[in-house]
Amino acid sequence: MASRLHVVNEDKEFSSNLTSQLSDWGLSDAGFNYNVVSVFGSQSTGKSTLLNKLFGTTFDVMNESQRRQTTKGIWMCKATEIPLLVMDVEGTDGRERGEDQDFERKSALFSLAASSVLLINMWEHQVGLYQGANMGLLKTVMEVNFSMFIASSQASKPPKTLLLFVIRDHIGTTPLENLRATLTNDIENIWNSVSKPEGLSEASLSDYFDLGFVTLPHKLLQPEEFDKQTSSVRNGYFGDNTSTDYILKPQYHRQIPADGLSHYLETIWDKVQNNKDLDVPTQQELLAQYRCDEIASEALKVFHSRLVPVKKPVEVGKFVPELGRVMRDSSKEALDTFDSTAFRYAKPVYEKKREELAETISTTLSPLYISQVKNLHKKAIDSYKKELHARLKSDSYDFSDVVKESSTHHLDTFVEQAKEITLAGTAWSYVETLEQLKLDMEGVSAECRSDELSKIITQLERSIQKEAGEFVEVCLNAPDADMWDKVLERFSASLERSKASYVIKASRLNSTDAEVDATTGSLVRRAWISLRAKIDEQCSEQVLLFRLRGIFEDKFRYDDKGIPRVWRPIDDIEGVYAGAREHTLNLLKLYRRIEPQDASHAFVYPPVDDAVLDVIKVSDIEEAFSYEESLQVLGEAKEAQLAGRFKKDADAIYLEAKRSVVSSISK
Ligand code: GDP
Ligand code: MG
């Protein structure tokens, strides 16, 4: 059994359940594929009985035995087999004046705004009674029709309404044709008496209304004929749209999409109930705006939910590869959802709202686009850096080739991926970021070259350090006047080899001559600092003491021919001792300061200048290093201390020699 709804209750309140009821009836997505019919007529003329019979509805029927009136208001029910909404207006009794008449007028307005067909139910014996209740109602319908559709009558033709007269308890003595003629005549008379708006005084009834007539036999006296006749009306007039009698024609349709019907009827009832001016075209326009907004906001809800998984990652700086697809799919889905329902509403409203929706979509996506372009920039730079360093690790490369290949590749990738997320129809652009990327990539390659140059310098510095480790030890172990000349000569030879190798390696990195010159200074300084460290190692207190002791012993224990001395009492032990000590202390003086005999062997230390700083980083040690100070090897105090300790060692050796003589005499 189809459920029914009390659309307007006895207190004249509009139901809040219509939307859900329409959805229960399966009409939410029906678009224009549905119709509304209403019934009018005096009370207890079998209206509800008829509707239930025709459409399988479940309206209350007055109880035969009690003859109590059914609940007042407007009821709605869906026909069982066709997409048709049926409205049953209760409480009409033209014989009573006042309250009921007001409600009758209001329900007529309400019904007319929604229904394509009005069923006018009457007894056969009421036909020709011009003063009858139905005739008053019809006059009302015609009058309100003008006011309701006045706006559309200026622009386009107002929708037509079918008035279907159902003549009940037709005995058959007066044929339908006669009844039709009588009623048509009456209706024309009513039409003529209706006051018409300016400019429409000549309007004819048929511009606004079509008329139809059906007769039905007495339900109780001729039940079989009644059944037969009602089922033929159901099929011919409402069921089969190929039948010539079919009356649910498009020209009668009020063009309210099913999804907007609930809101439309509610606002119509509100106007009617509060006695406000009601013009349907304006209501339709308002409905269009209301519904288009509602449909758009539904679409946007889904749209926003689609963006949730990508929004955060993109915002926190992650490159999200599926972003383009998500943006395209979600905006298409939103617009498609909007279109699928909103297209039925007034075109200008629909188009304007669609534009607004597209704008909102684009405004929502734009920050994601901007973030993603930024992420693409970062990704390109990071990957470019990595690739450069990786490729420069190989033994053979041409720096400019590597830079060109890799930067082209990364710029292409950037453009490709940025293009992919630049949605059609937007003013979005990645050009500025692309320009920035180019600049930043140049910065990266410069930095990368600087890193490589520094690495080469470090390698060369290490090999100098290694060589210095050997020759410094050899030279300082055999002190003589040109000890520093030898150290500096060998250092200079080692440095020259490194410089030559540096020039070759640096030029492979596309360095200009000026850059090579500037950075060679760093190699030279670092080489000197390494050398100095080796000299310090070889001039530590322990090493020097050990060396001095060796020199002294050579002089004291061996004679000029290198034969070990055997001390005899006649020997001048004191004299030899003093000579050897003097000789050794004189050699100690050589370690004071790096000072070649030949001035041309002096090292030239290049100062740190801005030119080098433009190309590579310079270490703090290098910058703070003082060449002048580095020439001093032993301080005065240090030398005195060393001399003191050496003398003690020498004294011990001397005493030992003395004791050996004494013991040989006593033997
Ligand atoms: P409504 O007030 O117009 O909706 O009338 P109802 O459908 O409630 O019916 C009112 C009374 O009329 C009920 O007692 C019905 O049994 C009776 N009725 C229904 N159909 C017919 C009919 O075709 N002829 C007559 N004479 N009575 C009918
Ligand atoms: Mg009824």
Checklist outcome for this item: Debye calc, one equal point scatterer per Cα of segment 4-275, no solvent, log10 I(q)/I(0) at q = 0.08, 0.17 1/Å comes to -0.30, -1.62
Next on the checklist: Using a 7 Å offset from Cα along Cα-Cβ at Y605, what residues in segment 513-530 end up with backbone N under 17 Å from the label point?
Outcome noted: 521-530
Checklist entry - Say each of E628 and R659 gets a label point 7 Å from the Cα, pointing the same way as Cα to Cβ; how far apart are those two points in nm? => result 5.1 nm
Checklist entry - Which FRET efficiency value, to the nearest 0.05, is calculated for D401 and K196 with the Förster distance at 60 angstrom and r the Cβ-Cβ distance? => result 0.10
Checklist outcome for this item: Computed from the beta carbon distance with a Förster radius of 60 Å, FRET efficiency for S383 and Q251 to the nearest 0.05 stands at 0.35
Checklist entry - Antiparallel as a % of all DSSP beta bridges within the chain, to the nearest 5? => result 35 percent
Checklist outcome for this item: Result for segment 4-275: accessible area per residue, probe 1.4 angstrom, in square angstrom, of 44 Å²
Checklist entry - What trypsin sites (Lys or Arg not before Pro) does segment 534-608 have in DSSP loop regions with at most 14 other beta carbons within 10 Å? => result K561, R565
Checklist outcome for this item: Each label sits 7 Å from Cα toward the beta-carbon; between E595 and S23 the label points are separated, in nm, by 10.4 nm
Checklist entry - How high is the FRET efficiency between K160 and E188 when r is their beta carbon distance and R₀ equals 25 Å, given to the nearest 0.05? => result 0.90
Next on the checklist: Once you place label points 7 Å from the Cα toward the Cβ at D517 and D293, how far apart are they in nm?
Outcome noted: 7.6 nm
Checklist outcome for this item: With 0.36 nm assigned to each residue of separation and the Cα-Cα distance removed, D277 to D336 gains 17.6 nm
Next on the checklist: Run the helix sum for the chain: -39,500 (n - 2.57) per DSSP H stretch of 4+ residues, divided by residue count, reported at 222 nm to the nearest 500 deg cm²/dmol.
Outcome noted: -21000 deg cm²/dmol
Checklist entry - Of R645, R234, which has the most accessible area and how do the rest follow, probe 1.4 Å? => result R645, R234
Checklist outcome for this item: Rounded to whole Å², per residue accessible area for segment 286-429 with a 1.4 Å probe reads 55 Å²
Checklist entry - So what is the relative contact order for the chain, in percent, with contacts set as C-alpha pairs under 8 Å and at least six apart? => result 9 percent
Item to check | Per residue accessible area of segment 449-666, 1.4 Å probe, in Å² | outcome: 54 Å²
Item to check | Furthest towards positive pole of dipole, V37, V566, P348, structure part the chain, Cβ charges | outcome: V566
Checklist entry - If contacts are Cα pairs under 8 angstrom and at least 6 residues apart, what is the relative contact order of segment 4-275 in percent? => result 22 percent
Next on the checklist: Can you give me the % of accessible surface on the chain that is carbon or sulfur? Probe 1.4 Å, all protein chains present, nothing else counted.
Outcome noted: 50 percent
Checklist entry - Could you give the distance between the Cα centres of segment 231-264 and segment 1-56, to the whole Å? => result 14 Å
Checklist entry - For the chain, what class follows from the C-alpha gyration tensor (a ≥ b ≥ c being the square roots of its eigenvalues): rounded when a/c is under 1.5, otherwise prolate if a/b is larger than b/c, else oblate? => result prolate
Checklist entry - For the chain, list the DSSP H helices whose alpha carbon atoms reach 18 Å or more along the long axis and whose average Kyte-Doolittle value is -0.5 or above? => result 133-155, 258-273, 280-315, 399-421, 431-477, 483-508, 513-538, 541-557, 573-588, 636-666
Next on the checklist: Please compute the volume of the convex hull spanned by the alpha-carbon atoms of segment 449-666 and report it per residue in Å³.
Outcome noted: 128 Å³
Checklist outcome for this item: With +1 at each Lys and Arg Cβ and -1 at each Asp and Glu Cβ, the charge dipole magnitude of segment 388-539 around its Cα centre, to the nearest 20 debye, comes out at 260 debye
Checklist entry - By a straight-distance test (C-alpha under 16 Å), which aspartates and glutamates pair with K505 as possible cross-link partners, with residues fewer than eight away in the same chain excluded? => result D395, D398, D401, D451, E452, E461, E496, D513, E515, D517
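The values are calculated or read from the model by the stated rules, or taken from the named source; none is laboratory data. Here the structure is a predicted model, which is why all the values come from computation and not from measurement. Using ideal geometry, Cβ is built from the backbone for each residue, glycine included, and neighbour counts are taken over all protein chains shown. The accessibility values were calculated without ligands, DNA or RNA, using every heavy atom of the protein model including side chains. Shrake-Rupley method; radii C 1.70, N 1.55, O 1.52, S 1.80 Å.
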